[in-house]
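To start, the structure itself, in structure tokens.
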Amino acid sequence: MSVAFQNRHVLEDHISGVEAAANPNHLAVVRRSVVFSVLGKAGEEDWVLAGLKVIDDVSVRSAGPREWFVVSETLGAESVARDLFALDPARVSFFEQSDGRVLLRISGPNTRRILAKCVAVDLHTQVFAEGHSANMLCCHVSANVARTGPDRFEIIVPRSYAGSVFEEIMEMGREFALTAGFVD
């Protein structure tokens, strides 16, 4: 007997039947994101960050002291790994986490009000400006939250908790007619 495996997103069952035309407040689940965790050697933070910022088609997010997430929706894991290998291995180490992380993108005029129910961080534009990111609890789960636009945030959560976080955000956004769907 042969077994055929299908590549299914962990949130496939959560979204089926929910997908609709996107409302102004929308939670998008990115199907194919590439996520690498990068660690810098002590004292080399500035050098590592400068090296990460010159890599094309990636977003660099702070994940802690001397730690970053490198995220891409356009490049494959091999391409990102090749660019990371070009950095000095004595100063930086990295590993891929694409299969273990889920990228959620929430956008709309009420995004901060929805997320205020889920995170204990001030997301005002003067405090958490565009381009900023930080690790925090989101819906009681460890997450990396990044502000990517005026009314747009991206949330990286562990795959095993993605369903719980998705359901919680959808519940918190119900009063604002939050919709959800996949982004390919």
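Since every read-out is calculated from the coordinates, none of them should be taken as a lab result. If you're wondering where the values come from, they're calculated on a predicted model, not measured in any experiment. Neighbour counts are summed over all protein chains in view; Cβ atoms, including those assigned to glycine, are modelled from backbone coordinates with ideal geometry.
Quick notes on this one:
- DSSP-assigned coil residues among GluC sites (Glu not before Pro) in the stretch 97-179, each with at most 16 further Cβ atoms within 10 Å: Glu130
- Taking Lys and Arg as +1 and Asp and Glu as -1, the other residues whose beta-carbon sits under 15 Å from that of Lys41 total -3.
- Cβ-defined net charge surrounding Leu75, 14 Å radius [Lys, Arg +1; Asp, Glu -1]: -4
- For the stretch 114-184, relative contact order (Cα pairs under 8 Å, six or more residues apart, normalised by length) works out to 26 percent.
- Built amide H within the under 5 Å cut-off of Phe94, gap 5+: Leu39
- Among Ile55, Ile106, Ile156: highest mean-square fluctuation, GNM of the chain, C-alpha pairs under 10 Å: Ile55
- When only alpha carbons are used to place a centre, the stretch 70-88 and the stretch 113-128 end up 30 Å from one another.
- Sequence-distant contacts, meaning Cα pairs under 8 Å at least 6 residues apart, place the relative contact order of the stretch 61-184 at 25 percent.
- Considering only the chain, percent of DSSP beta bridges that pair antiparallel, nearest 5: 90 percent
- Paramagnetic reach from Arg31 (point 7 Å along Cα→Cβ, amide N under 13 Å) across the stretch 147-184: 181-184
- Taking a Cβ cut-off of under 15 Å around Leu137, the surrounding Lys, Arg, Asp and Glu residues balance to a net charge of -1, with basic ones at +1 and acidic ones at -1.
- Residue with peak Gaussian network fluctuation, the chain [Cα springs, cutoff 10 Å], from Thr111, Thr74, Thr148: Thr74
- Overall form of the stretch 1-116 per C-alpha gyration tensor (a/c, 1.5; a/b vs b/c): oblate
- With the convex hull drawn around the C-alpha atoms of the stretch 118-184, the volume per residue stands at 104 Å³.
- Per-residue HN-Hα couplings for the stretch 142-157 [Karplus 6.51, -1.76, 1.60; θ = phi - 60°; Hz; x = Gly/Pro]: 5, 9, 10, 10, 10, 8, 10, x, x, 10, 9, 10, 10, 10, 9, 10
- The phi-based Karplus calculation (6.51 cos²θ - 1.76 cosθ + 1.60; θ = phi - 60°) puts the 3J(HN,Hα) values of the stretch 102-111 at 10, 9, 10, 10, 10, 9, x, x, 10, 4 Hz, whole numbers, x for Gly and Pro.
- In range of the label at His132: residues from the stretch 151-172 whose backbone nitrogen is under 13 Å from the point 7 Å along Cα→Cβ: none
- Dipole magnitude for the chain: about 220 debye, using +1 per Lys or Arg Cβ and -1 per Asp or Glu Cβ, origin at the Cα centre.
- Among Val165, Val38, Val141, the largest mean-square fluctuation in a Gaussian network model of the chain (Cα springs under 10 Å) belongs to Val141.
- Note on the stretch 58-184: Cα-only Rg and Dmax are 15.3, 51 Å.
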